[in-house]
Amino acid sequence: MDQQKTIFNYLRSVDCCRVCCLRHLKATKEDFLDVNAALAKRNLEPQETTTDEPRVKKAKPNLCITCLGLFESLDSLVAEVKQSEAFHRFRVEAGFLISISLPIVLQLRQLALWFDLYARFPDTFRKDTPPDFAIKDALKIIIIDQLERTLGRPFSVDGVMITVPYSYELEQKELATLELIQPEVFAKRKRHKHCKRDFITRNAFEKFFHPDVIDGELFGNHYPVPPVVVQNEGLVRGPVSFTGPTIFLAGRYNKVSRELSQTPWIIDGKRMMEGSVQETIGAPIAPHFGVPLEQLIFSASGREDVDVRCLGEGRPFVMEIPNAVCDQLPEDVAVAMERSVDESKNVSIKDLQLVKREDLGHIRGTELDKRKFYSALCVTAEPVTKEMISKLRTAEPFVIEQVTPLRVLHRRPLLKRQRTIYSMRAQACRDNPHAMVIDIVTEAGTYIKELVHGDFGRTQPNLCKMIGMPIDIQALDVMAIDLDWPKRLRR
């Protein structure tokens with residue numbers, strides 16, 4: 001305990017703040033929740049006592065040589081967040097998340113103090129063990145606790161992001177001394193094209209500037225040990241900004257129009273169609289979450305062509321909503337959104353619900369493991385016969401090879417893909433002797449139109465080859481998608 005008091009008194013004498021003193025005294029996480037109590041427990045500073053005597057106004061303390069006033073600035077930061085209208089416009093029950101950007105010079109100053117402590121207290125500090133509780137870890141404990149108590153909201157990775165930048169005017173001047181200490185490090189960085197932008201990065205500093213890899217005496221020849229505050233210049237806090245969480249909304253959609261693209265169809269800046277499935281679904285969603293419609297990011301389990309309907313239980317989709325002002329979807333609001341989309345007469349949605357980011361694997365992963373069910377209206381050059389129907393009825397899976405179709409070659413790479421056809425069932429149409437309906441179950445990613453007509457031989461085998469005459473597709477519907485997600489709500 002006497003040694004701790006000696007170290008504490010020394011750190012205070014060179015203008016270390018109370019928090020930074022505690023960081024060098026084998027403090028625990030709990031100690032930083034109440035710094036005064038932690039110091040009193042170590043009998044290092046007397047606790048405040050209540051008396052009737054008038055208080056003497058204390059002189060303003062000097063800036064801390066290691067944190068440059070960082071910890072002293074936290075009270076004003078918390079008060080600013082609490083009073084911020086920009087923060088309170090968010091209706092986010094998850095809470096808050098905070099990101100604080102600190103100058104690298106704080107690590108340089110910490111290194112200088114480490115060398116000083118190694119030299120003065122060799123029996124207490126060793127070079128292979130950092131003598132302090134990391135400044136970023138202490139900061140995280142203190143600021144999160146203060147914000148939770150002040151705002152009455154929990155810390156959560158799903159909350160509103162509070163971004164706080166700090167800068168230091170003399171940083172570049174102080175960091176320039178590093179090149180005198182380790183010139184070979186900077187010679188290599190200048191030769192490396194990816195390192196020319198920054199004088200030094202945080203990762204590079206931690207790798208090359210550590211007591212184990214540099215000489216303390218050489219360091220002291222170029223940088224003051226312990227560090228000193230120059231012209232009372234401390235950290236400067238930049239404007240605090242707030243970013244809402246990214247919300248994920250899932251559901252299923254049906255598309256009954258044969259003149260609607262899944263996403264906005266724009267070529268060379270020209271819109272080819274007035275609307276899209278994405279915009280129709282997003283229109284009632286965007287206002288509730290306080291974001292522009294064009295900011296929504298739409299994903300679905302596959303896509304259908306403009307002239308293809310999506311029927312049955314519908315196609316699972318996810319709407320990613322960045323910087324949302326709220327994170328809740330009340331039941332009545334979800335129902336109103338579904339009804340609003342239904343009124344378009346082109347698209348309907350159901351099972352609308354909030355999901356987690358980790359659930360997106362259902363949409364984005366293992367796509368080829370899913371089966372798709374189609375119904376195709378086809379016409380033949382000659383009247384349909386029983387023999388044709390028989391050839392196009394099979395419950396045995398078979399594999400086809402498809403070269404990227406000509407119609408999508410402008411936006412897809414030229415590849416040869418193998419896809420599995422799991423079953424086919426054809427039946428003749430009563431009112432048209434040249435027509436048949438074929439129900440097809442395929443592996444996801446199969447080009448159905450090309451499976452039917454062959455795409456000039458780019459799909460093999462194809463239905464045209466199977467029946468020995470030209471056959472084309474007149475209409476195509478997606479009947480089902482083998483994906484039991486998201487949860488069925490049955491509103």
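Within the range 450-481, work out how many residues are within 22 Å of TYR253 (Cα to Cα) and buried (at least 19 other Cβ atoms within 10 Å of the Cβ).
Within the range 450-481, the first condition is being within 22 Å of TYR253 (Cα to Cα), and the residues that meet it are 475-481.
Going one step further and asking which of them are buried (at least 19 other Cβ atoms within 10 Å of the Cβ), we end up with 476-478, 481.
Count: 4.
Given (1) in contact with an Asp or Glu (Cβ under 9 Å, 6 or more places away or on another chain); (2) farther than 30 Å from PHE248 by Cβ, identify the lone condition not met by PHE155.
The single condition PHE155 does not satisfy is (2).
Tell me yes or no: at least one residue of the range 125-134 is aliphatic (A, V, I, L, M) and at pLDDT below 95. It would help to see each step written out before you state the result.
Of the residues in the range 125-134, the ones aliphatic (A, V, I, L, M) are 134.
This time we only want the ones that are at pLDDT below 95, so: 134.
Looking through the range 125-134, at least one residue is aliphatic (A, V, I, L, M) and at pLDDT below 95.
Does PHE248 fit the bill of being buried (at least 19 other Cβ atoms within 10 Å of the Cβ) and either among the acidic types (Asp, Glu) or more than 30 Å from PHE96 (Cβ to Cβ) (or both)?
Values: buried (at least 19 other Cβ atoms within 10 Å of the Cβ): yes; either among the acidic types (Asp, Glu) or more than 30 Å from PHE96 (Cβ to Cβ) (or both): no.
Here the answer is no, as PHE248 does not meet what is asked.
Pick from the range 148-164 the residues that are in a helix (DSSP H, G or I) and in contact (Cβ under 8 Å) with a residue 60 or more places away in the chain: which of them is nearest to GLY244 (Cα to Cα)? Can you show your working first?
Keep residues of the range 148-164 that are in a helix (DSSP H, G or I), which gives 148-151.
Those left that are additionally in contact (Cβ under 8 Å) with a residue 60 or more places away in the chain: 150-151.
Details: THR150: 19, LEU151: 16 Å.
Per the stated criteria, the residue is LEU151.
Do we find a residue being touching a residue at least 24 places away in the same chain (Cβ under 8 Å), assigned to a loop (DSSP other than H, G, I, E, B) and among the basic types (Lys, Arg) anywhere in the range 437-449? Show your work before the answer.
Initial filter on the range 437-449 (touching a residue at least 24 places away in the same chain (Cβ under 8 Å)): 437-449.
Filter once more, keeping what is assigned to a loop (DSSP other than H, G, I, E, B): 444-447.
Restricting the remaining residues to those that are among the basic types (Lys, Arg) gives none.
No: zero hits.
It is to be established whether one or more residues within the range 453-475 are of a type outside the set (Gly, Ala, Ser), within 39 Å of the chain's Cα centre (by Cα) and assigned to a loop (DSSP other than H, G, I, E, B).
No, every residue in the range 453-475 fails to be of a type outside the set (Gly, Ala, Ser), within 39 Å of the chain's Cα centre (by Cα) and assigned to a loop (DSSP other than H, G, I, E, B).
So that you can scan it fast, the table gives a plain yes or no per residue for (1) open to solvent by 50 Å² or more (accessible area, probe 1.4 Å); (2) of a type in the set (Val, Ile, Thr); (3) within 26 Å of CYS17 (Cα to Cα); (4) part of a loop (DSSP other than H, G, I, E, B):
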| residue | (1), (2), (3), (4) |
| --- | --- |
| PRO131 | no, no, yes, yes |
| GLN146 | no, no, yes, no |
| TYR166 | no, no, yes, no |
| GLU179 | yes, no, no, no |
| ALA187 | no, no, no, no |
| ASN203 | yes, no, no, no |
| PRO211 | no, no, yes, yes |
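Here are some residues: ALA395, ALA324. Which one is touching a strand residue (DSSP E or B) at 6+ places or on another chain (Cβ under 8 Å) and farther than 18 Å from LEU249 by Cβ?
Working: ALA324 fails: farther than 18 Å from LEU249 by Cβ.
Result: ALA395 is the single residue among ALA395, ALA324 that is touching a strand residue (DSSP E or B) at 6+ places or on another chain (Cβ under 8 Å) and farther than 18 Å from LEU249 by Cβ.
Out of (1) over 29 Å from ASP369 (Cβ atoms); (2) among the hydrophobic types (A, V, I, L, M, F, W, C); (3) modelled with pLDDT under 95, what's the single condition that is false for ILE467?
Unmet condition: (3).
Name the strands (runs of 3 or more DSSP E) wholly inside the range 330-429 in which the number of residues that are touching a residue at least 12 places away in the same chain (Cβ under 8 Å), among the small types (Gly, Ala, Ser) and open to solvent by less than 40 Å² (accessible area, probe 1.4 Å) is 2 or more.
By residue number, 371-380, 416-428.
Would you be able to tell me the number of residues in the range 85-108 that are within 15 Å of SER241 (Cβ to Cβ) and either among the basic types (Lys, Arg) or open to solvent by 20 Å² or more (accessible area, probe 1.4 Å) (or both)?
Number satisfying all stated conditions: 9.
Return a yes/no flag: does the range 276-283 have any residue that is open to solvent by 60 Å² or more (accessible area, probe 1.4 Å) and among the acidic types (Asp, Glu). If you could, list the steps in order and put the result at the bottom.
At the first step, the residues of the range 276-283 found to be open to solvent by 60 Å² or more (accessible area, probe 1.4 Å) are none.
No: zero hits.
Could you say whether any residue in the range 296-311 is open to solvent by less than 40 Å² (accessible area, probe 1.4 Å), farther than 18 Å from ILE481 by Cβ and touching a residue at least 60 places away in the same chain (Cβ under 8 Å)?
No: the range 296-311 contains no residue that is open to solvent by less than 40 Å² (accessible area, probe 1.4 Å), farther than 18 Å from ILE481 by Cβ and touching a residue at least 60 places away in the same chain (Cβ under 8 Å).
What number of residues within the range 24-44 are more than 24 Å from PRO122 (Cα to Cα) and not in a helix (DSSP H, G or I)?
From the range 24-44, those more than 24 Å from PRO122 (Cα to Cα) are 29-38, 40-41; that's our starting set.
With not in a helix (DSSP H, G or I) added as a condition, the list becomes 34.
Number of matching residues: 1.
With the checklist (1) part of a loop (DSSP other than H, G, I, E, B); (2) at pLDDT below 95 in hand, flag the one item GLN4 doesn't pass.
Going through the list (1) part of a loop (DSSP other than H, G, I, E, B); (2) at pLDDT below 95, GLN4 breaks only (1).
Please verify whether ASP484 is closer than 18 Å to GLY302 by Cα and open to solvent by 20 Å² or more (accessible area, probe 1.4 Å), treating the condition exactly as stated. Reasoning before the result, please.
Numbers: closer than 18 Å to GLY302 by Cα: yes; open to solvent by 20 Å² or more (accessible area, probe 1.4 Å): yes.
Yes: the conditions hold for ASP484.
The values are calculated or read from the model by the stated rules, or taken from the named source; none is laboratory data. Note that the coordinates shown come from a computational prediction; the quantities given were computed from them, not determined experimentally. Neighbour counts are summed over all protein chains in view; Cβ atoms, including those assigned to glycine, are modelled from backbone coordinates with ideal geometry. Note: accessible area is taken over every heavy atom of the protein model, side chains too, but ligands, DNA and RNA are not part of it. Shrake-Rupley method; radii C 1.70, N 1.55, O 1.52, S 1.80 Å.
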